[in-house]
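The structure under discussion appears below in the form of structure tokens.
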Amino acid sequence: MDADALRLLLSKEGLALLDRTGAGLDGGEVVREVARLRAEGHDPLLVATVLTQARLRRRARAKFGEFADGMLFTEAGLEQATRLRVAAHHAGRMRSAGMVSVADLGCGIGADALAFATLGLEVTAVERDEVTAAIAAFNLAAWQATVVHGDALEAPTDAQALWFDPARRDGASRLRDPADWSPSLDRVFERAAAQPAGVKLAPGIDRALLPPDAEHQWVTDGLETVEAVVWTGALARPAAPRSALVLGDGVAEELVGAPTHPEPGALGEWLFEPAGSVIRAELIGTLAERLGARSVSEGIAYLTGDALVETPLAQAFRVRETLPLDERRIAQRLRELGIGELEIKKRGADVDPAALRKRLKLKGDERATLIATRVGGRHRAILADRA
């Protein structure tokens, strides 16, 4: 969306049109809606902008719930925005540390700034893209927040704490060079070392890039690992150099420790798949101790144990049997068991789950999970049921 489109959208006519345009339009309904609005005499650019916003609001409900229906978005801004539940965790960390003001430097459409403001923090949000800054100002209008159009590292602020969400530069894919981000990580970490700060990064970031004198936290929301956060100063916990957090509906479970790897052992009655944040934080050994479990094989992130321990930090599967990782043997056994619905997971095995499922020609009323991995150093297929 460019500045002209945004000006039309923010007009009295534009906002009224957006409020009465259905967010559930798709297919032929969109075509009919365009024709209807054009027939009413509305500017073609405004019509296109309003319908785009209606579509983005519908998508945004997955991240923002009911808040989405009163917000504005850009495609890129929505894609990069922090989920509201995760942003609430950031805000809670700020408030728990005694912060009363925060500068969101590179605020995007204002997702984190919105969470900070809803917890009563005084917010200064800085965004260098003019259109995105205007959208953030709209989204934050009802809260104690000031939006500044400017450079994240140059804008003056007297806030107690800082929040950074540096964007991945176009074309950057390996995430091993500080210059892969804008602003560069070197400059961000230099600023974050001077006062309490949180720096949100992609969960797959090269750990070697992270400053050693800070807390490193990986976050899983639901089943998706969404971020790594570097906490500095008073926002970092000295006893928690590395942590993994799993958030869900009414759930917030954390694992804290130093990188450890469990010893391998015999496959037990239960198999556990650690949350992605646990794996990224290299806390699999710490989780194994909590579960009374062991690794299924050297270098494999599946754990196994003899008793079910329920925890949001891992998904649990009850082992039925193990088979050679041989497609014909697997297909034969699935036919014998009448399994027509099969979840396929893999780790440490060269298997394409979608292609394998198609070739297996499943038929039957039963369901199961097939896990292709290594057990005791040998490739095996574990047939299991979700707990």
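The values are calculated or read from the model by the stated rules, or taken from the named source; none is laboratory data. These numbers come from a predicted model, not from an experiment. A quick note on method: Cβ atoms are made from the backbone with ideal geometry, for glycine too, and the neighbour counts reach across all protein chains shown. Areas reflect the complete protein model, heavy atoms only, side chains present, ligands, DNA and RNA absent. Shrake-Rupley method; radii C 1.70, N 1.55, O 1.52, S 1.80 Å.
From its DSSP helices (H runs of at least four residues, each -39,500 (n - 2.57)), the chain gives a residue-normalised ellipticity at 222 nm of -9500 deg cm²/dmol. The shape of segment 1-127 comes out prolate: with a ≥ b ≥ c from the C-alpha gyration tensor, a/c is at least 1.5 and a/b beats b/c.
Projecting the Cα atoms of ALA60, PRO183, GLY108 onto the charge dipole of the chain (Cβ charges, centred on the Cα centre) puts ALA60 farthest toward the positive pole. Our note on the geometry: Cα centres of segment 95-132 and segment 362-387, 46 Å apart. The Cα atoms of segment 72-225 give a gyration tensor whose axes a ≥ b ≥ c have a/c under 1.5, which makes the shape rounded. Of the options GLN217, ALA161, LEU271, report the single residue whose Cα projects farthest towards the positive end of the charge dipole of the chain (beta-carbon charges: Lys, Arg +1; Asp, Glu -1). The Cα lying farthest towards the positive end belongs to LEU271. Once backbone amide H atoms are built at 1.01 Å from N, GLN315 has GLU273, ALA275 as its partners under 5 Å, excluding neighbours fewer than 5 places away on the same chain.
Of the labelled options (1) 164; (2) 181; (3) 133, which one gives volume of the Cα convex hull per residue in Å³ as computed for this structure? Checking each listed value against the structure points to (1).
Karplus-based coupling profile of segment 324-336, in residue order and whole Hz: x, 7, 10, 4, 5, 5, 5, 4, 4, 5, 5, 5, 4, with θ = phi - 60° in 6.51 cos²θ - 1.76 cosθ + 1.60 and x standing for Gly or Pro. Here the Karplus curve 6.51 cos²θ - 1.76 cosθ + 1.60, taken at θ = phi - 60°, turns the phi angles of segment 374-387 into couplings of 10, 10, x, x, 10, 5, 9, 10, 9, 8, 8, 10, 4, 4 Hz, with x standing for Gly and Pro. For ARG128, the solvent-accessible surface computed with a 1.4 Å probe is close to 150 Å², ligands and nucleic acids excluded.
The order of the peptides 265-272, 95-102 by mean Cβ neighbours within 10 Å, most packed first, is 265-272, 95-102. Excluding same-chain neighbours fewer than eight residues apart, the lysines reachable from LYS363 by a Cα-Cα span under 29 Å are LYS345, LYS346.
Less than 5 angstrom separates the built amide H of HIS261 from those of GLY285, all sequence-distant by 5 or more or on a different chain. ASP186 contributes about 100 Å² of solvent-accessible surface, heavy atoms of the protein only, 1.4 Å probe.
When the square roots of the Cα gyration tensor eigenvalues are ordered a ≥ b ≥ c, the ratio a/c for segment 213-281 is 1.5 or more and a/b does not exceed b/c, which makes its shape oblate.
Computed on protein heavy atoms with a 1.4 Å probe, the accessible areas place GLU253, GLU190 in the order GLU190, GLU253, largest first. Partner aspartates and glutamates whose Cα lies under 19 Å from the Cα of LYS358, excluding those fewer than 8 positions away in the same chain, are identified as ASP326, GLU327, GLU336, GLU341, GLU343, ASP350, GLU366. Taking 0.36 nm per residue of sequence separation and removing the Cα-Cα distance, the SER101/ARG20 pair yields an extension gain of 25.5 nm. Remark: segment 232-242, residue by residue, has Karplus-estimated 3J(HN,Hα) of 10, x, 5, 7, 8, 9, x, 8, 10, x, 9 Hz, where x stands for each Gly or Pro and the curve is 6.51 cos²θ - 1.76 cosθ + 1.60 at θ = phi - 60°. Calculated accessible area for the chain comes out at 47 Å² per residue, all protein chains present (probe 1.4 Å; ligands, DNA, RNA ignored).
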